[in-house]
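Below is one structure, written out as structure tokens; comments come after it.
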Number of protein chains: 2
Amino acid sequence: MRKQRHKIYGNCPVEAAMDIISGKWKVVLLFHIMDGTKRFNELGRLLPGLTQRMLTNQLRELEADGVIARTVYLEVPPKVEYSMTPFGMTLEPLLKALWVWSETHVKPRLTAEE
Amino acid sequence: MRKQRHKIYGNCPVEAAMDIISGKWKVVLLFHIMDGTKRFNELGRLLPGLTQRMLTNQLRELEADGVIARTVYLEVPPKVEYSMTPFGMTLEPLLKALWVWSETHVKPRLTAEE
DNA sequence: CGGAATCCCGGTCGATACTG
DNA sequence: CAGTATCGACCGGGATTCCG
């Protein structure tokens, strides 16, 4: 059983949804993986500041939620690829809405402050 | 200066956006407040399990981010109302996308599991 | 290369009690 | 009614080390 970051599911599916995408790095990871299948260290390089531990952690949770798929290639050197599942792809409109809102309403504020 | 739940802003406005709406109770609170102006204890009653401390905390952060407005009525008994700001209203499409995705893709999973 | 295991610190949050 | 104050447990997550 995976740990609940928020409260008990059941009454409100929105909370379950937030539980899936809220996580320190998940949304950004999803944007990158949605853009195309990525390898472990490839993601690590894309997210400077993200430790291996957290990268593993976040990927595992996304995998447990059925959002991404983990493919292991038994070869030397080892190779693991992460890709979106069909379920994960359904997140696209939501992530896009998030992106649009960020660009139109949040970005102007950030640049205006400095 | 308000604490950063995620990492440093700047490179990716999406992170800033997530920083605004990700919070244990924020999205649910926003749904309720967007539905109509609410009083403090009114929100408390709508969210069983949410302590006064956290309610205050989350409301203050939303206020600091300019998402909601806090109106104090100087009377006895005291009365404080929370409502959406114009900026907060721009969140509507995003919250709606979140709701739609939850209903169509998350809810079926929850009910199927039990 | 892609992790797992361990240690450990600091923030988060619940519980409880008090106030204008 | 709408908060604030204080205390303490818990755990998220960074650093480091080791493994197949």
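What the table below lists for this structure:
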{"read-out": "Mean separation of Cα contacts under 8 Å, 6 or more apart, over the residue count of segment B:1-110: relative contact order %", "value": "23"}
{"read-out": "Mean ellipticity per residue at 222 nm, deg cm²/dmol - from DSSP H runs of n ≥ 4 across chain A, formula -39500 (n - 2.57)", "value": "-14500 deg cm²/dmol"}
{"read-out": "Cut-off of 10 Å, at most 15 other beta carbons, DSSP loop: longest stretch of chain B lacking such trypsin sites (Lys or Arg not before Pro)", "value": "B:6-114"}
{"read-out": "Simple Cβ-charge dipole of segment B:13-113, Lys/Arg +1 and Asp/Glu -1, about Cα centre, in debye nearest 20", "value": "300"}
{"read-out": "Most positive-pole-ward Cα, B:L62, B:P86, B:W99, against dipole of segment B:4-114 from beta carbon charges", "value": "B:L62"}
{"read-out": "B:R70 versus B:R109: modelled label distance in nm, points set 7 Å from Cα along the beta carbon direction", "value": "3.5"}
{"read-out": "Alpha carbon centroid spacing (whole Å) that separates segment A:61-98 from segment B:29-88", "value": "37"}
{"read-out": "Total charge dipole magnitude, the protein assembly as shown, about the Cα centre, Cβ charges on Lys, Arg, Asp, Glu only, Debye to nearest 20", "value": "640"}
{"read-out": "Shape call, chain A: gyration tensor on alpha carbons, a/c limit 1.5", "value": "oblate"}
{"read-out": "The protein assembly as shown shape via C-alpha gyration tensor axes, a/c threshold 1.5", "value": "prolate"}
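No value in this document is a laboratory result; all are computed from the given coordinates. Computed from a predicted structure; not experimentally measured. All Cβ positions, even for glycine, are placed from backbone atoms using ideal geometry, and neighbour counts span all protein chains on display.
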